[in-house]
Amino acid sequence: MNAVKNKKNIMIRTIFSYLLGLMLFISAPAGAQQERTVNAPEDIQDGKLYLDLIELPGGFQIDTYATGLDDARSMAKGPRGNIFVGNRTEDKVYLLRDTDGDFKADERHIIVEGLNMPNGVAYHQGNLYVAEVDRILRFPDIMNTYQQDPSYQVIYSDYPTDRHHGWKYIAFGPQGKLYVPVGAPCNICNPERDIYATITRMDPDGSDMEIYAEGIRNTVGFTWHPETQNLWFTDNGRDMLGDNRPPDELNKAPQKGMHFGYPFCHGKDLPDPKFGDKQSCNKYTAPAQELGPHVAALGMIFYTGDMFPEKYQHQILIAEHGSWNRSEKIGYRIMQVGVKDGEARSYKPFATGWLQGEQVWGRPVDLVQLHDGSLLVSDDYGNAIYRITYQK
């Protein structure tokens, strides 16, 4: 009897939900976002992608560029739209190719495997650069050798071997230097070696390595302003100060030698409980923009393409990977930082939906702009790369 009653109740709820959805669809104004087809969060399953849950500004769409790509992390754009992809938990570096121009990767090649957390990838003057925990590799003439088990050269091998914050994001700056961060080997500490908690840089052959900026707990994303050429970077704040402290940071380093506070100060003016009594926060460079607490801000770009509306020109987009130890999850989104006259002015969501309640189905990591102005987003939880486009 109870079983019959339960079936009847389920049928009534199903009919009611259908009618309600139909009414909302009919009554919604033209251009409004329609009712989503996935009933989050109870329908969320690991390994599935729910792109209809992603909320974007009007006119924007999201689709898959590549799927089934284990631990898709940092990306680097090669010639003719080829995309190199590194990872942190796997040991491989991939090359994705869109050979027919439909903005879907139809070829996938393993460039190398057996590496030590090869998260960072960069392309420069025909060569692919890969960052392991303690060394930098260079694959010469990669687009002519990627199908032939390409060999590499170790151009630098003196970085620390700590795996805690040891994975690296790398990129070439406007003057042709390769920038390489070295994270703090801890949650909060004052390392004896100066190399920790820094951004370093070197020549393309690995020579003249130097510390460019310090006091940086762990940056896994940076880029340069398209006009001023100033370096901007994200930085992950320390853990274990509660849900809402400290903020992650967006920082600006226009010159060599700046110190951004770690481990003494966090955000604009938050002294560290353990180390903050030794220094004044006024001594250090404050963030250009405080970000959400524990959002794990990673890859970032200045948008410079022609596809998005004019108001996005030279504005910052940041991939927030999402919190791991907060009582209520936060992040799992792409945020927009408005920049005017070289200063950060606003901080607001651009793409959300990978987090549904307390359930997660994706974690954005890195952003790359394609030649047509569309935006690629890597996701190491959904094992995918998405493409965001705009159409009036």
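Using the average count of surrounding beta-carbon atoms within 10 Å as a protection proxy, the listed peptides 48-55, 320-327 rank, highest first, as 320-327, 48-55. Among residues other than Tyr303 with Cβ under 11 Å from its Cβ, the summed charge is -1 (Lys and Arg +1, Asp and Glu -1). Once C-alpha pairs closer than 8 Å and six or more residues apart are averaged by separation and normalised to the residue number of the chain, the relative contact order reads 15 percent. Taking the Cα centre of each part, how many Å lie between the stretch 249-277 and the stretch 320-364? Result: 22 Å between the Cα centres. Protection proxy ranking, highest mean first, for peptides 199-212, 69-82, 138-151: 69-82, 199-212, 138-151, where packing is the per-residue count of other beta-carbon atoms within 10 Å, averaged. Each peptide in 339-350, 169-180 was scored by the mean count of other Cβ atoms within 10 Å over its residues; highest first, the order is 169-180, 339-350.
Stokes-Einstein diffusion for the stretch 299-341 at 25 °C, viscosity 0.890 mPa s, with a Kirkwood radius from C-alpha pairs, works out to 209 µm²/s.
In units of the rule-of-thumb radius 2.2 N^0.38 Å, the chain shows an alpha carbon radius of gyration of 1.05. Straight-line reach only, C-alpha to C-alpha below 28 angstrom: list the lysines that Lys392 could link to, leaving out same-chain residues fewer than 8 apart. Within the straight-line cut-off, Lys392 pairs with Lys77, Lys104, Lys311, Lys340, Lys348. Note on the stretch 242-392: with charges restricted to the Cβ of Lys and Arg (+1) and Asp and Glu (-1), its dipole about the Cα centre is near 220 debye. The charge dipole of the chain, taken about its Cα centre with unit charges on the Cβ atoms of Lys, Arg (+1), Asp and Glu (-1) only, comes to about 1000 debye. If you take all other residues with their beta carbon under 13 Å from the beta carbon of Tyr123, and give Lys and Arg +1 and Asp and Glu -1, the sum is +2. The relative contact order of the stretch 56-194 comes to 15 percent, based on Cα pairs under 8 Å that sit 6 or more residues apart. Ordering Ala122, Ala253, Tyr152 by the projection of their Cα atoms onto the charge dipole of the stretch 118-275, which places +1 on the Cβ of Lys and Arg and -1 on the Cβ of Asp and Glu, puts Ala253 at the extreme positive end. Heavy-atom accessible surface of the chain, averaged per residue, reaches 46 Å², computed with a 1.4 Å probe.
Under 5 Å from the amide H of Leu128 lie the amide H atoms of Phe139, Asp141, Ile142, each residue being 5 or more positions distant or on a separate chain, with H modelled from the backbone and absent for Pro and chain starts. The alpha-carbon of Lys252 sits under 20 angstrom from the alpha-carbons of these aspartates and glutamates, leaving out residues fewer than 8 places away in its chain: Glu210, Glu214, Glu227, Asp235, Asp269, Glu290, Glu320, Asp341, Glu343, Asp366. Ranking Leu317, Gly267, Ala297 by Cα position along the charge dipole of the stretch 238-339, where only Lys, Arg, Asp and Glu carry charges on their C-beta atoms, puts Gly267 farthest toward the positive end.
To put it simply, the accessible area of the stretch 99-228 at a 1.4 Å probe is 39 percent carbon and sulfur.
Contact order normalised by length for the stretch 260-391, with contacts defined as Cα pairs under 8 Å and 6 or more residues apart; what percent is it? This gives 18 percent for the stretch 260-391. Within a straight-line Cα-Cα reach of under 24 Å, Lys274 can be paired with the following lysines, leaving aside sequence neighbours fewer than 8 residues apart in one chain: Lys283.
The values are calculated or read from the model by the stated rules, or taken from the named source; none is laboratory data. Note that the structure is predicted; figures quoted are calculated from it, not measured. Glycine also receives a Cβ, built like all others from the backbone with ideal geometry; neighbour counts cover every protein chain displayed. All accessible areas refer to the heavy atoms of the entire protein, side chains included, with ligands and DNA or RNA removed. Shrake-Rupley method; radii C 1.70, N 1.55, O 1.52, S 1.80 Å.
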